[in-house]
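This report refers to the structure that appears directly beneath it.
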Amino acid sequence: MPIIEVKDLVKTYKIIEKEDGIKGYFKNLIKPKYNEITAVNGINFNIEEGELVGYIGENGAGKSTTIKMLTGLLTPTSGKVVVNGIVPNEKRIENNKNIGAVFGQKTQLWWDLPVIESFRLIKKMYKIPENEYRNNLKNFSKILDLDDLLEKQVKNLSLGQKMRCEIAATFLHNPKIVYLDEPTIGLDVFVKEKIRKFIKDINKEKKTTVVLTTHDLNDIEDVCDRIILLDKGKIIFDGEKQKFKDTYGKYVIAEFIISSKNKNVCDLNNATILEENEKSLKIKFLHDETTIVKLINEISNYCTINDIHIKEAGLEEILKEIYKGAHKC
Amino acid sequence: MTKIFDNISLYLSFLKASLKEMLIYRFDCIVGMISQIVTQLVEIIFIWIVFQNTDNLAGWNFMQILLLYGVTLISIGISDFCFDALYDIGPKYIRNGEFDKILLRPVHPLISIIGSSKEFTSLGYFGLGLFLTIIMLIKLSIPITIILILKIIFFSIVGAAIIGAINTIFSIASFWTYRSNEVIWSFYRMYTFAQYPLDIYNKFIRILITVILPFAFVAYYPTMNYLGMDSNMIYIAPIIMIILWVIAIKIWNFALKKYRSTGT
């Protein structure tokens, strides 16, 4: 029995069509023209307990709308959402007891109070048993390094400190499912790593299901096992991370450090030039179509090769390719 | 029933937290309190001027009117203190998307919102109201018995709850306009009508403040009772309070459901 079940989910918004100028403004006021926009267009997926799912897509692909329907903040236009046996928008408060959520930079902590006071209020709100609360607090403080922060006012914390507290607050009541919408936005590498480690640890220990949306694909690379890719309200990929790379990312990127170039490299067999200047050349190619040795031979006709860096395409390059492809048609 | 107590206890915890937040801005508190008292003193001077020209208003003398004024201020003070954050729903919560955060809590959003009230300065109203009430009771040589004290405490709280319920009903405007605070304010200000004897008004206003927006039950009927004027209307006040809150919560839940399906 999946913990999250989504079937034929659709959400359309009615948006007032804006007209220009004062005249248009008053026309709108009296007789508004509505445009229908489909944000989520018939998506299906199941998520099992304990899965770490990366939910990705460009801005406006429908990620946040989906998350809002999963949390019961929005009522679906049609289709079905069942989370842990509950339909979230019908029994929102019941559903809220099982879930935790972080939405970007909005804080659920009390701005003017010390962090620990917020935690106490959360304890009271979710009726967290005393020993469970203490264990979690001790454990989380250790992983996220909160000890010095608990007595500080939230407004005096840096972004990274705040986010660490925020993440702790979200997991404090041992939620079964956690939705993280851009949890690492604007954070430095160290804080990002701490947060990623925390998510992985808690998932291992408590089988917490995590749905993560982010534009930082390193988050996904590091944390998630499964990827759901959304484009224009539709799912275009759903499967294991490795399968995603195999399906879309069989190509390799090679960077050549070059010198004494005699003319520009304009044509290579079975490879595409990504970047080219006097000192370097970046290309991509598929393993099935050519080999690095053939390419070295070709390129050395144009210049001297000093060094070569080869790497398999990461999520970021793969996604760029997919988006480019999607936008062509 | 346990659910109601749970909610009240949570509300008090939230309120305590926001008071702690407020106390950080002590100076603002004091300034706010003083300016509230000054505003009220101006109105009292106005009443005094009216009484320079007449010795009664519909049979009420200056001191009786001031008692009514004081009793109203006590309830106003309590309700501003407890329900002030209703004004924030449109401009603060919904406009900034803060409302989502509140909808994600395992608590009814109304509890979270009114619990975040920070109108500490309304203690200015409360204090002035209490002062006026006590002085006028003494001046009017009404015996201050335990029963009278309990009555004043009970009916002041009921009055505050009536104002709170009326504000809650109009706060649903927040789901359609960011300027909801002005909508609430315009209805809320009609309590001013109930600061004077009902008999000075025409039929329309009388019906307005007894039936439609029953502000008359906040202070007018209770004060008549304290003054020993013939009035059993005071005992209807708690019933009105309960009815208003049932309506307020029903209407609020309905608006909330509508709001979530549009997702604006």
Using only alpha carbon pairs under 8 Å that are at least six residues apart, calculate the relative contact order of the stretch B:123-242 and give it in whole percent. 26 percent
Only Cα pairs under 8 Å and at least 6 apart count here; give the relative contact order of the stretch B:2-262 as a rounded whole percent. 24 percent
In whole Å, what is the distance between the alpha-carbon centres of the stretch A:25-103 and the stretch B:225-256? 39 Å
Just subtract the alpha-carbon distance of residue A:263 and residue A:31 from 0.36 nm times their residue separation and send over the number in nm, one decimal. 77.1 nm
What share of the DSSP beta bridges in chain A is antiparallel, in percent to the nearest 5? 70 percent
Evaluate E = 1/(1 + (r/R0)^6) for residue A:8 and residue A:291, where r is the Cβ-Cβ distance and R0 equals 41 Å; express this FRET efficiency to the nearest 0.05. 0.35
Can you tell me which of B:130, B:148, B:68 moves the most in a GNM of chain B? Springs connect C-alpha atoms under 10 Å apart. B:148
With everything on Cα atoms, drop me the angle between helix B:62-83 and the longest principal axis of chain B, reported from 0 to 90° to the nearest 10. 10 degrees
Just to be sure I understand: of the beta bridges DSSP finds with both ends in the protein assembly as shown, what percent are antiparallel, rounded to 5? 70 percent
When a/c is below 1.5 the answer is rounded, else prolate if a/b is larger than b/c, else oblate, so apply that to the stretch A:51-111 with a ≥ b ≥ c taken from the square roots of the Cα gyration tensor eigenvalues. oblate
Compute the distance from the alpha-carbon center of the stretch A:164-200 to that of the stretch A:111-150, in whole Å. 14 Å
For A:112-122, mean number of other protein chain Cβ atoms within 10 Å: 3
Greater than 23 Å separation of Cα atoms is the criterion. Which listed pairs, A:123/A:155; A:63/A:243; A:123/B:250; A:197/B:92, meet it? A:123/B:250; A:197/B:92
Put a dot 7 Å past each Cα toward the Cβ at residue A:284 and residue A:145; how far apart are the dots in nm? 3.5 nm
Spacing of the two label points (7 Å from each Cα toward its C-beta) at residue B:38 and residue B:139, in nm: 2.4 nm
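Here, each number is a calculation from the coordinates, and none is a lab measurement. Being a predicted model, the structure only gives us computed values, none of them experimental. So basically every Cβ, Gly included, is an ideal-geometry build from the backbone, and we count neighbours across all protein chains shown.
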